[in-house]
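A short write-up of the structure that comes next.
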Amino acid sequence: MVSGKKRALITGVLGQDGSYLAEFLLSKGYEVFGMVRRSSVERYDRIAHIKDKLTLLQGDLLDQYSLTQAVKDSDPAEVYNLAAQSFVPTSWNQPVLTGEFTALGVTRLLEAVRQVNPEIRFYQASSSEMIGKSEQVPQNEKTPFHPRSPYGVAKVYAYWITVNYRESYGMFNCNGILFNHESQRRGMEFVTRKVSDGVARIKLGLAKELKLGNLDAKRDWGFAGDYVTAMYLMLQQPEPDDFVIGTGVAHSVKELCETAFSHVGLDWKKFVRVDKKFFRPAEVDHLIADASKARKVLGWKPKVNFEKLVHMMVDADLERLKANGGRGSGVGAVNI
């Protein structure tokens, strides 16, 4: 390594988590490589402020050669796989493609790591969507999986192939079973950002209503910036393991609306409309993280609570819309 710095490769670096993780690793003195897909429209909004500090490499989870080349070119000590088709509703419309990216793509990347340098430490972004329908509340690392979407099913495959490569080849592979984590960098298609953007538009007179799906759906929502710290800590341990990451507190979409609208002095009931088209074919049940293992082993705990998170997101969308006269669509591409 010419620079002498520790190197890390992040797939999905243009996403919410990828941008926060890149920031975090740069602050730790890492040389950070980000893998990006070639697309007709390149969106670097989330990493614009650090782009000149990153080395971006072309790669695609559907293409084995490009993954192997990205691992060779970056020569990393750590690989963080955050790339996926990650929007749950889309996984019903594109179930096969979701499987190719979110399941088989992980196998391709693990195989690239194994062939180039099996000593590389590997982080896989697993999800509470793997748990899906659970009779156990809260959920921990031993809770059985019962995914309720093609996305959740693909993530279960990705989880087990990560474990399999760890057990079969002695690789340092970790799964972070992350519960919902949000920020002002969340894509517009996700319910938290849909609400924060909708509230900002209504407050500024740019919209009159906000259409949502199941208001009773509950999620354990945390701040993405806190969660990338947990990813890093997993790869610093003496032995690889899997960890549930979440706040341990669940809130409904209704509570999300109440918190967001009241922050700008509005009554959510006057503006929110329920639209059946935003309901999932199969809803997940009450998901609450039991992150006691992460607290004990990693020393990790969230710093930003639900109310602060929602206020942060609403404030950021107000600022964005004011700055561009209400024309911008924001970062990212509706409902959870």
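Here are a few things to note about the model shown:
- Using a cut-off of 30 Å between Cα atoms, the listed pairs 28/218; 51/254; 155/194; 155/208; 155/276; 51/194 include 28/218; 51/254; 155/208 as exceeding that distance.
- Among (1) 37, 26, 19; (2) 30, 27, 21; (3) 32, 23, 18, the entry that matches semi-axes √(5λ) of the Cα gyration tensor in Å as calculated here: (3)
- Rounded accessible area per residue of the chain, 1.4 Å, Å²: 43
- Taking θ as phi - 60° and the Karplus parameters 6.51, -1.76 and 1.60, the scalar couplings of region 232-238 work out to 4, 4, 4, 7, 9, 6, x Hz in sequence order, x denoting glycine and proline.
- Anisotropy class of region 36-154 from Cα gyration tensor, a/c 1.5 cut: prolate
- Distant-in-sequence amide H partners of residue 121 (H built 1.01 Å from N, under 5 Å): 78, 79
- FRET efficiency for the pair residue 72 and residue 274, taken as 1/(1 + (r/R0)^6) with r the Cβ-Cβ distance and R0 = 45 Å, rounds to 0.30.
- In the chain, helical runs assigned H by DSSP with n ≥ 4 each contribute -39500 (n - 2.57); averaged across all residues and rounded to the nearest 500, the mean residue ellipticity at 222 nm is -11000 deg cm²/dmol.
- Derived scalar couplings between HN and Hα for region 110-123 equal 4, 5, 4, 5, 4, 6, 7, 6, x, 7, 4, 7, 10, 10 Hz in order, rounded to whole Hz, by the Karplus curve 6.51 cos²θ - 1.76 cosθ + 1.60 (θ = phi - 60°), x for Gly and Pro.
- Counting only protein heavy atoms and a probe of 1.4 Å, the accessible surface of the chain is 50% carbon and sulfur.
- Cross-link reach is defined here as a Cα-Cα straight distance under 19 Å, omitting same-chain residues fewer than 8 places apart; for residue 270 the aspartates and glutamates meeting it are 197, 209, 216, 255, 258.
The values are calculated or read from the model by the stated rules, or taken from the named source; none is laboratory data. As the structure is a computational prediction, the values presented were derived from the model and not from experiment. A quick note on method: Cβ atoms are made from the backbone with ideal geometry, for glycine too, and the neighbour counts reach across all protein chains shown. We work out accessible area using only protein heavy atoms, side chains counted, and drop any ligands, DNA or RNA first. Shrake-Rupley method; radii C 1.70, N 1.55, O 1.52, S 1.80 Å.
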